[in-house]
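All of the numbers you see were taken from the coordinates with simple rules; none came from a lab. For clarity, every value in this text was computed on a predicted model and none was experimentally measured. Cβ placement follows ideal geometry from the backbone for every residue including glycine, while neighbour counts extend to all protein chains displayed.
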Amino acid sequence: MDRHTLAQALARAVPGLEVVATPEALRPFESDGLTALRQLPLVAVLPDRVEQVQAVLRFCFEAKIPVVARGAGTGLSGGALPCEAGVLLVLAKLNRILEINPMRQCARLQPGVRNLAISEAAAPHDLFYAPDPSSQIACSIGGNVAENAGGVHCLKYGLTVHNLLAVTIVTVEGDLLTLGGPTLEAPGLDLLALFTGSEGLLGVVVEVTVRLRPIPAQQEVLLAAFDSIRASGDAVAAVIAAGIIPAGMELMDKLAVQAAEDFVHAGYPRDAAAVLLCELDGAPAVLAETRERVMAVLRAAGASSITVSDSDEARLRLWSGRKNAFPAVGRLAPDYYCMDGTIPRRYLGEVLDAIAARSEAAGLPVANVFHAGDGNLHPLILYDANTPDGVARAEALGNEILALCVAYGGSVTGEHGVGVEKLDAMCSQFAPPELARFKALKAAFDPEGLLNPGKAVPTLARCAELGGMHVHHGQLPHPELPRL
């Protein structure tokens with residue numbers, strides 16, 4: 001079917017459906033946050049009712065047309081990259097907060113509700129939604145479910161999967177299916193955990209029920225400065241080893257610190273090699289005791305100075321640098337490539353040194369700003385896409401960093417997902433039997449492979465062409481990698 005014919009057929013099959021079918025109008029949908037990859041869909045549709053989502057999927061299933069679901073388009077792995085011969089299903093119009101239930105401490109939401117809007121709606125009831133990605137002002141809860149998004153406070157309160165009660169999806173055949181239930185322990189197979197983070201391969205989210213939590217009685221932030229990036233990474237492991245679980249721990253290296261300070265003037269020490277932001281929350285008496293323990297650990301780990309917020313205004317100002325770090329770093333170079341990998345906390349200092357060495361060898365600056373508490377790295381590789389080999393060099397360094405994460409017992413993704421960006425990297429983390437199991441799960445939900453085709457799980461042939469890159473996690477660190 002060509003573009004015009006498909007648009008007319010969808011409009012007839014789904015009354016009232018908004019269909020976008022001209023190349024000019026489709027241009028805003030050609031990529032997600034990974035703008036290096038672009039592709040126009042055949043058509044895009046913007047349903048405003050669940051029934052329309054069902055009808056679109058039924059139509060596409062019967063016609064064997066691929067479908068890619070899209071939320072706010074803030075993803076960073078190409079997970080919402082359109083299919084050239086398919087339909088882009090945009091869920092932005094399904095943006096209603098259906099219910100805030102303070103008695104049960106939960107909220108029912110349509111997938112297009114912004115992450116930050118959940119906490120704003122729950123605040124009058126002294127409640128909040130814990131997972132808070134840096135893009136929370138724009139990203140949608142449906143996309144958060146698809147990618148299992150994290151955020152600053154996920155160290156203590158968990159990722160998206162730990163804060164879900166139920167998700168209603170539309171299957172590839174157009175049927176409604178609810179996973180989970182109104183309580184933390186729903187009967188039957190835990191399909192909710194299976195679906196969370198499945199990147200649109202198993203179904204399309206149309207309703208989400210999330211846990212809300214009481215706003216802590218008191219919150220404060222400690223900002224510790226360090227003279228080396230290695231010491232700052234080791235300090236994170238030391239805090240956790242002391243049996244302390246802060247609400248969040250975020251690390252920024254010198255390049256990120258200086259960029260953020262120039263951008264928002266958060267009060268960061270510009271001469272520090274790295275700063276560690278550590279948020280504590282809880283009852284005032286307990287918090288005071290925990291603060292003293294954390295400060296002692298940080299000093300022992302080599303902190304050259306420690307600043308403690310003395311008001312909510314000061315706390316938010318210190319966080320403003322971290323929350324604005326990505327746009328701040330964007331001022332340092334024409335382009336940057338945001339990586340996403342995870343490593344065990346005990347290797348943080350070692351891996352940060354290794355990234356610095358690879359950055360110098362590649363001749364590309366790297367700004368590190370990331371969720372240190374759970375080892376979720378976000379190296380920002382600075383480059384210029386206008387130079388002949390700019391993109392290729394940035395991608396090559398990114399692949400080196402992902403290989404480093406796997407070699408140290410980590411993962412090629414923490415919260416951004418695999419999408420199309422990390423298909424090759426998946427071959428280094430998983431062996432053929434594991435990839436075959438992933439494909440079997442995909443086939444159980446979508447036997448024709450129509451939902452988000454070509455994403456997240458590489459073909460076995462692709463991995464074979466890469467030369468059997470699989471690394472066993474039991475052999476860490478990888479013997480071929482230098483210990484720095």
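Below is a table of values for the structure above.
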item: Estimated [θ] at 222 nm from DSSP helical runs (n ≥ 4, -39500 (n - 2.57)) normalised by residues in the chain, nearest 500; result: -10500 deg cm²/dmol
item: In degrees, nearest ten, helix 390-407 long axis to first principal axis of the chain (Cα); result: 70 degrees
item: Highest-first arrangement of 385-396, 59-70, where packing means the average Cβ count within 10 Å; result: 59-70, 385-396
item: Packing-based exposure ordering (other Cβ within 10 Å, fewest first) of L441, L34; result: L441, L34
item: For the chain, cysteines whose Cβ has no other cysteine Cβ within reach (under 4.7 Å); result: C60, C83, C106, C139, C154, C278, C338, C405
item: 0 to 90° range, to nearest 10: angle between helix 284-300 axis and the chain longest Cα axis; result: 70 degrees
item: Packing-based order for 178-184, 417-423, using average beta carbon neighbours within 10 Å, highest first; result: 417-423, 178-184
item: Neighbour net charge for D262 - beta-carbon separation under 10 angstrom, K R +1, D E -1; result: +1
item: Packing-based exposure ordering (other Cβ within 10 Å, fewest first) of I118, I401; result: I401, I118
item: Residues D340, D310, sorted so that the one with the fewest Cβ neighbours within 10 Å comes first; result: D310, D340
item: Rounded tilt (10° steps) of 432-445 against the dominant C-alpha axis of the chain; result: 50 degrees
